[in-house]
Amino acid sequence: MSGTNPNIRWLEEPKLGLSGRMYLPLFVQGLTTTFKHLVGPKVTLSFPEERPQIGNPLIYRGVHRLNKDGTGRVKCVACFLCATACPAHCIDIVAAESPWPDREKYPESFTIDELRCIFCGMCEEACPVDAIELTSLLDLTGRSREEMIFDKEKLLSVYDMTIDAEPMKSTALGGTL
Amino acid sequence: MTFETIITLIKIFLLLGGLMTAAAYLVLVERWMAAWVQDRKGPNRVGIPLTKIKLFGLGQPLADGLKFIFKEDFAPKHVDKALFRIAPIVILTAAIAIFAAIPFGSVLPPLEIEGVPDPIPLLVTPNLDVGMVYVFALSSIAVYGVILGGWSSNNKYSFLGALRSSAQLISYEIPLGLGLIGVVLFAGTLRLDAIISQQADSGVWNVFLQPLGFFVFAVAATAEAARLPFDLPEAEQELIGGYHTEYSGMMLLLFLIAEFLHMITAAFLIVILFFGGWHFWGLTGAGDEVTWFTAIARIVVLAVKILLVVLTFMLVRWTWPRFRFDQLMAMAWKVMVPLGLVNLIVMAVLVEYQQDLADIVGAESLWPLILISWIVTIGAWIIAGLYAPLSTDNTPRPMSMPFDAETELN
């Protein structure tokens, strides 16, 4: 890159006026701005006591849940699409023959390692039966690594916890039930 | 042990306790200011230990202190152990020793206890005739701590940081001295308490009398205390730390306390030299005849003024971006030193011909002096603004383009 390249247009910043060159007016102006912020409204949220307002819970990507169908069975058909789509390889499914007549397979165990999950939402996108969804639960904490590996029961319990506040997206979007 | 010794010891303990508490709590205040300026709330969780009482986060310094105590005091293998340990001690000792000569109040009223001399001056070393020189000498010892810390760390980044900081500290000693000589000339004494008394007697604070000196001194004091926008000794984000990169735990804390003490010293000096110390019109009186009310009021006034100056320092921190190093040096040598010299010359002339001036005007009034001083200040300011880079512009110019790649490579 050359300083004399005709394709480069050098922009000159505007010249300082007299008050600018006297420095003090600008200094006072800056101090006034800083001072306004000192007494102005604060934007901090004291998190555990105050909950953040999530704009749209339907598109928020928080903790996973496994949806249940109308009769309380897990909707998952153990097709492995979510596990395949997962870039972090955090979904582990063991499939078994389904005891129910309306589908061939069901997940005998379904675990998500929440420590590895990057909450990209691809599992949700990949699922053909809308069985896995991301909720708006954002405070995912645990006291041990084992506690952060969510099994099928825990994921189903997340469904029970959140279904009232966040209805299944598939019904709103015209998907399968 | 005489009463004099006991009183001195009490004063030392009061001063040390006060200073250490102040340093700890000013860290909290600084964090609050930082948060508020950035529209956050700041530390407000830690309260009384082992309870759930939050108390606006006032327990935070306690938690910070505990954390520092339990941190490992780690010295890397490659450092010069002895110098490495001496550096923070030097810098902190110098920073604390300055306060021996700084009055933290006026005098106490007569106590009327057998054997106690009165009045008791609230100053560890009363009647120290070279107070100003002492303060100035000790404040320049900080450079030794900086150099020792950087050199003994045996690390090129620390060493460069130390050189950078010492260049800055030494450069700003000069405008600091020039700003202060005006006050000393006018008061005719080097004693800090006498300088306050002189301002209290006339009722005119030096800031009104010599605004130029105040400006030069305040800027230089900010730089000496390594506060933003002059915090190149630290510059934690972009200059790879400074002279204390290798320090951790308690030894780093010593450096940090010393930096806060420098800020308190700077605030003390600005208030004492230019804002009348404990004097406030119609509240604290002027002479040495004090009641308990005036004695306490003087301490409170002094403390409030110092707190205001410190808060201004903290506000300035979030107002200005940091100077680049060449800008910093240009500021010191091209702007501050000339302005300080102008102030020095004007004050010298005014003090020399004060009597003649008073004879012409016909009264022992300070108004003509103030008038002349302000005219000179505004004139010098305008000249500096028009002809010297008070605003240090760093736009790249086509002239200073590094090189033309095509011609250079061929």
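Some points to look at:
- Meets criteria (crowded, with 21+ Cβ neighbours inside 10 Å and either in contact (Cβ under 8 Å) with a residue 60 or more places away in the chain or touching a helix residue (DSSP H, G or I) at 6+ places or on another chain (Cβ under 6 Å) (or both)) for B:Leu138: no
- Counted as qualifying within region A:1-119 are the helices (runs of 4 or more DSSP H) with 3 or more residues that are at the interface with chain B (Cβ under 10 Å from one of its Cβ atoms), more than 30 Å from B:Val46 (Cα to Cα) and modelled with pLDDT of 85 or more, namely A:24-39.
- Checking B:Arg31, B:Arg45 one by one, the residue that is in a helix (DSSP H, G or I), within 14 Å of another protein chain (Cβ to nearest Cβ), over 22 Å from B:Ile96 (Cα atoms) and of a type in the set (D, E, K, R) is B:Arg31 and no other.
- Here B:Trp151 meets each of (1) assigned to a helix (DSSP H, G or I); (2) open to solvent by less than 60 Å² (accessible area, probe 1.4 Å) with one exception, condition (2).
- The lone exception for A:Leu66 - which of (1) open to solvent by 40 Å² or more (accessible area, probe 1.4 Å); (2) within 30 Å of A:Tyr106 (Cβ to Cβ) it fails: (1)
- Hey, B:Gly242 closer than 23 Å to B:Val335 by Cβ, surrounded by 24 or more Cβ atoms within 10 Å (Cβ to Cβ) and either at pLDDT 90 or above or in contact with a Ser or Thr (Cβ under 8 Å, 6 or more places away or on another chain) (or both) or not: no
- Being touching a residue at least 60 places away in the same chain (Cβ under 8 Å), open to solvent by 60 Å² or more (accessible area, probe 1.4 Å), within 14 Å of another protein chain (Cβ to nearest Cβ) and part of a helix (DSSP H, G or I) is a property that B:Trp318 has.
- Filtering region B:186-206 to residues that are surrounded by 19 or more Cβ atoms within 10 Å (Cβ to Cβ), of a type in the set (A, V, I, L, M, F, W, C) and in a helix (DSSP H, G or I) leaves B:Phe186, B:Ala187, B:Leu192, B:Ile195, B:Ile196, B:Ala200.
- Residue in region B:127-135 that is open to solvent by less than 10 Å² (accessible area, probe 1.4 Å), under 15 Å from the mean Cα position of the chain (by Cα) and touching a residue at least 24 places away in the same chain (Cβ under 8 Å) present: yes
- Subset of region A:69-112 (residues that are of a type in the set (A, V, I, L, M) and open to solvent by 30 Å² or more (accessible area, probe 1.4 Å)): A:Val77, A:Leu81, A:Ala85, A:Val94, A:Ala95
- Residue match in region B:252-268 (condition: surrounded by 20 or more Cβ atoms within 10 Å (Cβ to Cβ) and outside any helix (DSSP H, G or I)): no
- Subset tally (residues that are within 15 Å of B:Glu259 (Cα to Cα) and surrounded by fewer than 14 Cβ atoms within 10 Å (Cβ to Cβ)) for region B:1-24: 1
- Looking across region A:2-32 at every residue that is among the hydroxyl-bearing types (Ser, Thr, Tyr) and surrounded by 13 or more Cβ atoms within 10 Å (Cβ to Cβ), the one that is nearest to B:Trp320 (Cα to Cα) is identified as A:Tyr23.
- Residue pairs whose Cβ atoms lie under 6 Å apart, separated by 6 or more positions or on different chains, with the first residue in region B:191-202 and among the hydrophobic types (A, V, I, L, M, F, W, C) and the second crowded, with 22+ Cβ neighbours inside 10 Å, are B:Leu192/B:Pro103; B:Leu192/B:Gly131; B:Leu192/B:Ile272; B:Ile196/B:Ile272; B:Ile196/B:Gly277; B:Ala200/B:His279.
- Whichever residue in region A:49-63 is open to solvent by 60 Å² or more (accessible area, probe 1.4 Å) and in contact (Cβ under 8 Å) with a residue 40 or more places away in the chain and, among such residues, is farthest from the chain's Cα centre (by Cα): A:Leu58
- Checked against the criterion of being more than 20 Å from B:Ala218 (Cα to Cα), at pLDDT 90 or above, loosely packed, with under 15 Cβ neighbours inside 10 Å and hydrophobic (A, V, I, L, M, F, W, C), the candidates B:Val349, B:Val361, B:Val304 yield just one match: B:Val349.
The values are calculated or read from the model by the stated rules, or taken from the named source; none is laboratory data. Values in this document were obtained by computation on a predicted structure and should not be read as measured data. Counting neighbours? That spans all protein chains shown, and the Cβs are built from the backbone with ideal geometry, glycine included. For accessibility, only protein heavy atoms count, side chains too; no ligands or nucleic acids. Shrake-Rupley method; radii C 1.70, N 1.55, O 1.52, S 1.80 Å.
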